[in-house]
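This report refers to the structure that appears directly beneath it.
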Amino acid sequence: MVASEFEANAKQHWVGLLLSGSVVIAAVIAIALFICNYTPGAICNLKYGENNSKGGNSLDLYLPEGAKKPYPFVVYIHGGGWVAGDKRLPPCRNLVQKGFAVASINYRLASEAQFPAQLEDCKNAIAWLGDHAEQFGLDKSRIGVWGTSAGGQLALLLSTADNGKNVKAVCDWCGPSNLFSFAEQTKGVYSSTNIDDKNPLIRLLGGLPKEKEDITRQASAVFHVHKNDAPLLIMHGDNDQVVPVSQSKEMKDALDKAGARSELVIVKGAGHDFFNLDTEAKVLQFFVENLR
């Protein structure tokens with residue numbers, strides 16, 4: 001019960017945690033480790049790839065108790081501006097209670113490798129889970145993806161037909177869809193006016209988007225939409241000061257023009273972190289409709 005209550009109220013915006021001080025971070029990580037290791041059905045720190053010098057290719061798997069196998073499963077991709085964040089404390093309580101397995105993954109951060117390493121890691125994690133589906137009771141024909149912020153950008157790419165061949169449904173929370181326009185629209189650290197090498201976009205792409213056109217286009221889902229893309233639920237706060245809501249509107253417009261199945265939910269008055277019971281319920285409903 002302690003784990004469920006903590007998980008239900010867990011914050012997903014890890015950049016904010018990083019700014020709040022090392023003591024808070026250490027406490028959160030310690031609690032997260034305790035929860036993962038003592039939550040029924042949790043299998044922690046499974047290695048899905050070779051890039052683990054900093055834990056990049058590992059995942060935590062949460063299995064539903066008493067549900068009928070094989071389980072549909074959702075891969076959760078954390079945020080953190082491509083330079084921070086961790087797989088611990090995914091917002092998966094309701095999904096697991098409703099019979100879904102959830103795999104919360106780590107991927108290589110921009111400090112370790114530039115794009116497309118992050119997307120390759122996500123795809124490798126999904127492939128690894130498929131290869132081990134029988135071992136864990138997973139249904140590899142019913143795979144969903146849910147990403148937040150930077151994880152949302154990766155989730156959007158996995159919704160496209162060329163990147164997510166085995167993915168059946170994707171939820172994106174406030175992920176940038178077009179890194180060109182994102183760098184121009186945002187006034188924060190990701191702005192094209194910030195030429196410091198600590199700019200996360202510079203670290204991710206090897207330069208500003210306008211300087212790295214090919215890789216930026218590859219990293220921007222808005223350029224890869226197709227009518228055969230997986231059903232996509234996009235959610236975004238209309239008061240987001242980190243990733244402008246225009247990013248989700250731009251993605252929705254591209255999807256509509258392509259004839260792809262999608263829904264955009266704008267959360268009124270919400271900022272970059274809008275996790276609550278109502279938004280969680282919307283995600284659950286989406287995956288139930290598309291993976292059951």
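A few notes on this one:
- Multiplying the residue separation of ARG261 and GLN97 by 0.36 nm and subtracting their alpha-carbon distance yields 56.3 nm.
- Rounded FRET efficiency, nearest 0.05, which uses the C-beta distance separating LYS69 from GLN241 and R0 of 30 Å: 0.10
- Per-residue Cβ neighbour rank within 10 angstrom, fewest leading, MET251, MET235: MET235, MET251
- Tail fraction, Cα-Cα pairs, region 2-291, threshold 35 Å, whole percent: 10
- Net lengthening on full extension, ALA281/LYS168 (0.36 nm per residue, minus Cα-Cα): 38.8 nm
- Which of ALA125, TYR62, MET235, positive extreme of dipole for the chain (C-beta unit charges): TYR62
- Dipole of the chain computed with +1 at Lys/Arg Cβ and -1 at Asp/Glu Cβ about the Cα centre; of ALA169, PHE275, SER246, farthest Cα towards the positive end is ALA169.
- Cα-based convex hull volume of region 49-91 per residue, rounded to whole Å³: 100
- Electrostatic dipole magnitude of the chain [Cβ: Lys, Arg +1; Asp, Glu -1; Cα centre; debye, to 20]: 400
- Electrostatic dipole magnitude of region 68-154 [Cβ: Lys, Arg +1; Asp, Glu -1; Cα centre; debye, to 20]: 420
Bear in mind that the values in this text are calculations on the coordinates, not laboratory data. These numbers come from a predicted model, not from an experiment. For neighbour counting, all protein chains shown are included, and Cβ atoms are generated from backbone atoms with ideal geometry for every residue, glycine included.
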